[in-house]
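Enquirer: Starting off with a structure, shown below.
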Number of protein chains: 2
Amino acid sequence: MPRVGVAIGDQVLDLRAAGELGLLPEDLAGLVAGPVLNSLMARGRAASARLRAAVSALLAADGRGQAEAARLLVPMVDARMHLPAAVANFTDFMVSRDHSARLGARKNPAAPLPPAFVHLPVAYHSRASSLSASGAPVVRPNGQRGEADGTVSFGPERRLDFELELAIWIAGENALGRPVPMREAGDRLFGYGLLNDWSAREIQFLEMVPLGPFLGKSMATTVSPWVVTAEALAPFAVETAARPGEDGPVPAHLQGAGRHGLAIAMEVWLETAAMRRAGDGPARITATDFAGMYWTPAQLVTHHASNGCNLLPGDLLGSGTCSGPEPGARACLAEIMLEGPLTLPNGERRGFLEDGDAVVFRARAEAPGAVAIGFGECRAEVVPAPEWPQ
Amino acid sequence: MPRVGVAIGDQVLDLRAAGELGLLPEDLAGLVAGPVLNSLMARGRAASARLRAAVSALLAADGRGQAEAARLLVPMVDARMHLPAAVANFTDFMVSRDHSARLGARKNPAAPLPPAFVHLPVAYHSRASSLSASGAPVVRPNGQRGEADGTVSFGPERRLDFELELAIWIAGENALGRPVPMREAGDRLFGYGLLNDWSAREIQFLEMVPLGPFLGKSMATTVSPWVVTAEALAPFAVETAARPGEDGPVPAHLQGAGRHGLAIAMEVWLETAAMRRAGDGPARITATDFAGMYWTPAQLVTHHASNGCNLLPGDLLGSGTCSGPEPGARACLAEIMLEGPLTLPNGERRGFLEDGDAVVFRARAEAPGAVAIGFGECRAEVVPAPEWPQ
């Protein structure tokens with residue numbers, strides 16, 4: 001059975017074992033005895049802060065259980081990773097002004113943003129069942145595709161894309177019908193990871209008017225298994241990105257005191273089958289920063305619950321594609337392809353993803369005077385579409 | 001703890017108690033011992049067919065446990081009803097050509113249907129956490145609303161609507177990446193109920209470009225608690241509704257042999273606070289039939305899994321608003337309001353829903369030579385929006 005662990009350098013502290021040995025406060029031990037983090041998440045931010053302090057104390061050089069705890073460390077390379085929570089609900093947002101404007105400009109250069117973009121963090125419900133942890137392969141989907149002659153064909157998706165996103169894990173629960181004002185939103189943020197919102201662009205563009213993306217997204221979503229807690233990221237809080245004057249003020253119910261943006265450097269690396277055969281490492285194709293996003297995690301929570309929608313422990317929010325303004329900060333191939341295919345270091349060219357391509361996301365929270373925090377890798381390889389069952 | 005029961009006239013047979021008394025085959029007893037139907041749903045259609053036969057045999061006049069079973073009958077009026085399954089994923093479709101064309105004609109009378117409508121059953125992922133069983137109140141949501149002068153305000157939704165839909169419960173499971181062809185889709189249909197896809201039209205219309213409905217739907221969805229099994233509905237199978245010639249042929253992968261439509265007469269009744277005070281019964285405002293829908297439940301399953309998306313036991317599909325061609329078959333207020341407010345029998349007028357209004361859905365499967373089957377009621381009353389927390 002999967003178990004909960006804490007990353008300590010290149011090792012993992014087995015928290016269930018630590019709890020069984022009496023090395024953790026009893027109530028906390030009970031919250032990390034299961035295969036997922038939902039019980040801990042249900043107790044809100046306070047419990048995870050106490051757990052963090054308890055683990056720190058345990059591993060301190062003079063900690064009473066330090067020697068015992070050292071025996072519970074498992075090399076990270078030997079651990080098989082899983083999804084950190086049983087996800088009841090998965091919502092995907094659209095927090096980057098640059099991503100939205102860059103893609104919207106194709107249709108309407110004069111008004112490239114979706115009409116609601118400056119008023120609220122635009123979002124859609126996405127699919128929880130097809131979430132996988134980093135490492136699981138992504139099967140290229142079959143689907144219906146609009147052809148240049150106006151007909152619709154059925155077959156393997158030809159424009160398979162990634163989207164680099166921040167994964168936001170929810171703590172606590174609000175009753176159905178009970179909103180979460182901005183001053184309470186921070187307590188609902190358990191922690192963060194990386195998320196690849198795989199996108200089948202042909203399927204998506206045919207289906208999405210008027211109800212939004214559906215089968216273009218639901219074949220797979222990959223999540224990094226490590227959760228960086230909100231406590232650990234506190235030193236990396238930043239002011240929200242500047243809001244252009246023409247966008248008008250932030251709606252009153254989404255205004256919050258304090259710095260609730262986050263400085264996280266995020267990268268996309270691509271490794272083709274040819275690169276793997278040649279023993280080359282992956283090539284970096286995108287570098288962006290979450291600090292430049294238009295809406296913050298706290299605003300996503302308050303907006304999401306503003307209609308009384310109940311957010312549950314272990315619910316997952318995807319930030320949406322985290323593109324920045326620079327050409328090298330385009331965080332999906334649909335944006336990159338606006339200027340044509342990529343040329344990789346080995347001379348290969350890429351429009352959309354080919355079978356055998358592996359997409360790897362990496363991230364680090366960085367701030368002056370703070371020790372940087374690495375995120376767990378989010379990686380998956382594309383495998384061929386299945387034959388349609390006869 | 002909630003328990004599983006079978007409706008027998010105006011009584012309920014307690015299946016957990018029947019299992020504990022040894023009145024059911026042991027494997028089936030294990031599947032209905034919990035608070036929800038997911039374990040039974042996981043075994044697929046075959047297990048529910050066997051359960052149905054076992055209950056029939058038990059209650060037959062000469063059945064061995066008939067007298068014992070009779071003691072396990074609870075009057076339906078004394079039973080408190082719950083959601084029939086723990087719903088991991090809830091998807092909402094758009095199966096009515098009349099609904100889609102009627103609303104689309106406002107924007108584009110020459111081409112009123114969404115571009116993909118004739119190629120695939122258009123759908124979106126919806127919100128599982130805010131599902132409730134019939135009887136739970138619906139809290140009017142707060143949200144952002146576009147005003148006539150182009151500004152956006154925040155406050156209680158003023159165009160709260162219902163949508164009359166069929167609830168479709170999923171049996172069995174396909175592995176992620178594994179499609180479900182039409183010949184297997186019938187086995188994935190566990191049973192049916194009624195579903196009110198409550199819609200906040202101001203919130204929805206502001207937010208839905210380009211990612212679809214989100215907060216306009218996620219404040220509440222009401223489901224009838226009784227599941228009419230697919231076996232019980234077999235006598236009510238009908239040919240799919242005729243497809244207009246200009247729509248072209250059904251895509252090959254969505255073609256299925258046999259009659260996979262369903263004849264179910266569906267109704268909406270409205271009871272205002274004034275009607276309730278006066279002791280009047282509710283007034284019928286919509287009468288439609290599922291037989292006229294453009295896409296069938298089996299096609300929804302095959303489309304949904306065509307990209308490899310895994311459908312889980314207890315997943316819920318909403319059919320979408322089941323409007324028919326007649327003026328009296330408009331199955332949401334947004335359609336009714338195209339011709340102006342309703343006048344109710346007591347002289348009250350209704351545009352959209354007011355606080356205190358109760359919306360009640362009823363349905364009956366009917367076919368020549370078959371005993372009609374009633375569906376459980378789907379009812380909820382609208383209560384006022386909360387004050388925004390200060």
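Enquirer: Can you give the log10 of the normalised intensity I(q)/I(0) at q = 0.07, 0.10 Å⁻¹, computed with Debye over equal Cα scatterers of the stretch B:90-383?
Expert: Cα-only, vacuum Debye calculation for the stretch B:90-383: -0.25, -0.52.
Enquirer: Here's another thing I want to ask about it. Toward the positive end of the charge dipole of the protein assembly as shown, about the Cα centre and with charges on Cβ (Lys, Arg +1; Asp, Glu -1), which of B:Leu176, B:Ala287, A:Pro2 goes farthest?
Expert: A:Pro2
Enquirer: Around B:Leu317, under 12 Å between beta carbons, what's the net of Lys plus Arg minus Asp minus Glu among the other residues?
Expert: With Lys, Arg at +1 and Asp, Glu at -1, the neighbours total -3.
Enquirer: Given a 10 angstrom Cα cut-off, can you work out which residue in A:Met275, A:Met219, A:Met41 is the most mobile in a GNM of chain A?
Expert: Result for chain A, Cα springs under 10 Å: A:Met275 fluctuates most.
Enquirer: Let me ask another. Starting from a label point 7 Å past Cα on the Cβ side, list the distances from A:Ala42 to the same position in the other copies, nm, shortest first.
Expert: Taking the point 7 Å beyond Cα along Cα→Cβ, the inter-copy spacings are 1.9 nm.
Enquirer: What number, rounded to the nearest 500 deg cm²/dmol, is the helix-based mean residue ellipticity at 222 nm of chain B, given -39500 (n - 2.57) per DSSP H run of at least four residues and division by all its residues?
Expert: Estimated from H runs of four or more residues: -5000 deg cm²/dmol.
Enquirer: What is the dipole size for the protein assembly as shown, taken about its Cα centre, with +1 at each Lys and Arg Cβ and -1 at each Asp and Glu Cβ, in debye to the nearest 20?
Expert: Charge dipole, the protein assembly as shown, about its Cα centre: 220 debye, nearest 20.
Enquirer: Once a ≥ b ≥ c are taken as the square roots of the eigenvalues of the Cα gyration tensor of the stretch A:269-389, is the result rounded (a/c under 1.5), prolate (a/b larger than b/c) or oblate (a/b not larger than b/c)?
Expert: Judged from the Cα gyration tensor, the stretch A:269-389 comes out prolate (a/c at least 1.5, a/b above b/c).
Enquirer: Under the convention of a label 7 Å out along Cα→Cβ, give the distances in nm from A:Val74 to the same position in every other copy, shortest first.
Expert: List, nearest first: 4.3 nm.
Enquirer: In addition: Taking every DSSP beta bridge that has both residues in the stretch A:90-383, what percent is antiparallel when rounded to the nearest 5?
Expert: 85
Enquirer: Roughly how many debye, to the nearest 20, is the charge dipole of the stretch B:5-78 about its Cα centre, given +1 on each Lys and Arg Cβ, -1 on each Asp and Glu Cβ, and no other charges?
Expert: Computed about the Cα centre, the dipole is about 300 debye.
Enquirer: Please give the FRET efficiency for A:Ala33 paired with B:Ala42, using the beta carbon to beta carbon distance and R0 = 35 Å, rounded to the nearest 0.05.
Expert: 0.85
Enquirer: Also: Among B:Leu194, B:Leu344, A:Leu353, rank each residue by its count of other Cβ atoms within 10 Å, from fewest to most, as a rough exposure measure.
Expert: Going from least to most buried by this count: B:Leu344, A:Leu353, B:Leu194.
Enquirer: What lysines does B:Lys107 reach when the alpha-carbon gap must be under 24 Å and sequence neighbours fewer than 8 apart in one chain are set aside?
Expert: A:Lys107, B:Lys217
Enquirer: Give a residue-ordered list of calculated ³J(HN,Hα) values for the stretch B:220-227 (Karplus: 6.51 cos²θ - 1.76 cosθ + 1.60, θ = phi - 60°; whole Hz; x for Gly, Pro).
Expert: Listing the rounded values in order: 5, 9, 10, 10, 5, x, 7, 9 Hz.
Enquirer: Counting only residues 5 or more places away or on other chains, whose amide H sits under 5 Å from the amide H of A:Thr229 once H atoms are built in the peptide plane?
Expert: A:Tyr192
Enquirer: Oh, and also: What are the ³J(HN,Hα) values, in whole Hz, obtained from phi via the Karplus relation 6.51 cos²θ - 1.76 cosθ + 1.60 with θ = phi - 60°, for each residue of the stretch A:84-95 in sequence order, with x given for Gly and Pro?
Expert: 3J(HN,Hα) across the stretch A:84-95, in whole Hz: x, 9, 7, 8, 7, 9, 10, 10, 10, 9, 8, 9.
Enquirer: Then there is this: Would you pull out the residues with amide H under 5 Å of B:Ala128's amide H, same chain only if 5 or more places away, H placed 1.01 Å from N?
Expert: For B:Ala128, whose amide H was placed from the backbone, the distant partners under 5 Å are B:Phe90.
Enquirer: Have a look at A:Gly279, A:Gly292, A:Gly374 and tell me which one the Gaussian network model of chain A (Cα, springs below 10 Å) gives the largest fluctuation.
Expert: Maximum fluctuation in the GNM of chain A, among the listed residues, is at A:Gly279.
Enquirer: Looking for one value pair here: nearest-to-axis residue in chain A (by Cβ) for the rotation onto B, and the distance in whole angstrom.
Expert: A:Gly212, 1
Enquirer: What fraction of the DSSP beta bridges in the protein assembly as shown is antiparallel, stated in percent and rounded to the nearest 5?
Expert: Roughly 90 percent of the DSSP beta bridges within the protein assembly as shown come out antiparallel.
Enquirer: Also, quick follow-up: Placing unit charges on C-beta atoms (Lys and Arg positive, Asp and Glu negative, everything else neutral), compute the dipole magnitude of chain B about its Cα centre in debye, rounded to 20.
Expert: That gives a dipole near 380 debye.
Enquirer: Next question, about the same structure. Taking θ = phi - 60°, what integer Hz values does the Karplus form 6.51 cos²θ - 1.76 cosθ + 1.60 yield along the stretch A:44-56, in sequence order, with x for Gly and Pro?
Expert: x, 4, 4, 5, 6, 5, 5, 5, 4, 5, 5, 5, 4
Enquirer: What order do you get for B:Lys217, A:Lys107 when you list them from fewest to most C-beta neighbours inside 10 Å?
Expert: Exposure proxy ranking, most exposed first: A:Lys107, B:Lys217.
Enquirer: Enter the mean number of other protein chain beta carbons within 10 Å of the beta carbon of each residue in A:217-229, as an integer.
Expert: Rounded to a whole number, the mean comes out at 2.
Enquirer: Same structure, new question: Would you please give the residues with an amide H less than 5 Å from that of B:Cys378, counting only those at least 5 places away or on a separate chain, with H modeled from the backbone geometry?
Expert: B:Phe361
Enquirer: Oh, and also: Add +1 for every Lys or Arg and -1 for every Asp or Glu among the other residues with Cβ under 14 Å from the Cβ of B:Pro75, and state the total.
Expert: Summing Lys/Arg as +1 and Asp/Glu as -1 gives -1.
Enquirer: Take the alpha-carbon centre of the stretch B:23-64, take the same for the stretch A:207-232, and report the distance between them in whole Å.
Expert: That distance is 38 Å.
Enquirer: Please give the length that would be gained between A:Glu239 and A:Arg349 if that part of the chain were fully extended, namely 0.36 nm times their separation in residues minus their C-alpha to C-alpha distance (nm, one decimal).
Expert: 35.8 nm
Enquirer: Comparing B:Ala370, B:Ala29, B:Ala380, which has the greatest mean-square fluctuation in the GNM of chain B with Cα pairs linked when under 10 Å apart?
Expert: B:Ala370
Enquirer: Roughly what would the spin-label model give for A:Ala17 and B:Asp187, points 7 Å off Cα along C-beta, in nm?
Expert: That separation, rounded to one decimal, is 4.3 nm.
Enquirer: As a footprinting exposure proxy, order B:Leu120, B:Leu206, B:Leu317, B:Leu59 by other Cβ within 10 Å, with the fewest listed first.
Expert: Ordered by Cβ neighbours within 10 Å, fewest first: B:Leu59, B:Leu206, B:Leu120, B:Leu317.
Values in this text are rule-based calculations from the coordinates and carry no lab data. What you are looking at is a predicted structure, and each value in this text was computed from that prediction instead of being measured. Neighbour counts run over all protein chains shown; Cβ positions are idealised from the backbone, glycine included.
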